[in-house]
Each structure stands twice: as structure tokens, then as C-alpha cells.
Amino acid sequence: MEISDWTLIALAVVVLINTLFIGALAGLLFMINKKVDEALARATPLIERATVTLAHVEETTAHLQGRVEHVLDKTTELVDHISERVDTTTAIAEEAVTEPLIGAASLMAGINRGLRVYSQRSGEKGEDNGKQS
């Protein structure tokens, strides 16, 4: 079997087209690679600054957390101390007010009872005086 000239020409055209296509793809990939390298070159300093900033934020956050915990501990101690003082003051106030009130109530009850007894006896004497007249 012999290959005709036209077949060889067609085969050469197909190989040429494939070669041009592969060359175009290689050129396109080279340009894409160049653009990616440029983008990485621009992004690298930004990423490094972001990393440094993030490390600083983490350090500041840890420091702030320690201070907040210290403030919360002191606040808890203060609230406990104030609660204790309020309880003590309330107990003292109750004792200071309750005892005199009980004493005053007892005195008033005694005076009231005495007045009732006096009124009853006075009324009895008035009846006795009325019977004697």
C-alpha cells in the first residue's frame, strides 16, 4: 500500500494544526503561570502582614482575657463582701428595730390593759356610788 501525496499533505496539515494548537496551549499556560506568579508576588506581603497582625491580635486577646478574668475575680470578691455586709447590716437593723418595737408593743398592751382595768373599776365604783345613794 502506497500513501498518496495528498494523504501525506493532509497528514502534514493535521500535524501542523496540532503542533500550532499545542504551541498555543503552551503559550497560554505560560502566560497564566506568569500572571499567577505576579499575583502571588503581590499577595505574599499582604499575607505576611495579615499573619503578623493576626499574631498581634491573638496576643492582645490573651492579655485582655487575663485582665478581664482578674476584673471578674475582683468583682466577685467585692459582691460577696458587699452581700456579707448587707446581711450583717440587715441583721443589726432588725435587732435594733425589732426589740424596741416589741418593748413598745408590750408597753402599749400593758397601758391598754391598765386603762381597761381602771375603766372597769371606775365603772364599778360609779355603780356602787349610785346604789349607795
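The values are calculated or read from the model by the stated rules, or taken from the named source; none is laboratory data. This one's a predicted model, so the numbers in the text were calculated from it and none came from an experiment. Every residue, glycine among them, receives a Cβ derived from its backbone with ideal geometry; neighbour counts consider all protein chains shown. Just so you know, the surface numbers come from the protein's heavy atoms only, side chains and all, with ligands and any DNA or RNA stripped out. Shrake-Rupley method; radii C 1.70, N 1.55, O 1.52, S 1.80 Å.
Does Val86 satisfy being open to solvent by less than 100 Å² (accessible area, probe 1.4 Å), at pLDDT 95 or above and either assigned to a helix (DSSP H, G or I) or of a type in the set (A, V, I, L, M, F, W, C) (or both)?
no
Give the range 43-56 a look and list any residue that's surrounded by 10 or more Cβ atoms within 10 Å (Cβ to Cβ) and over 32 Å from the mean Cα position of the chain (by Cα), or say none.
Scanning the range 43-56 gives Ala43, Thr44.
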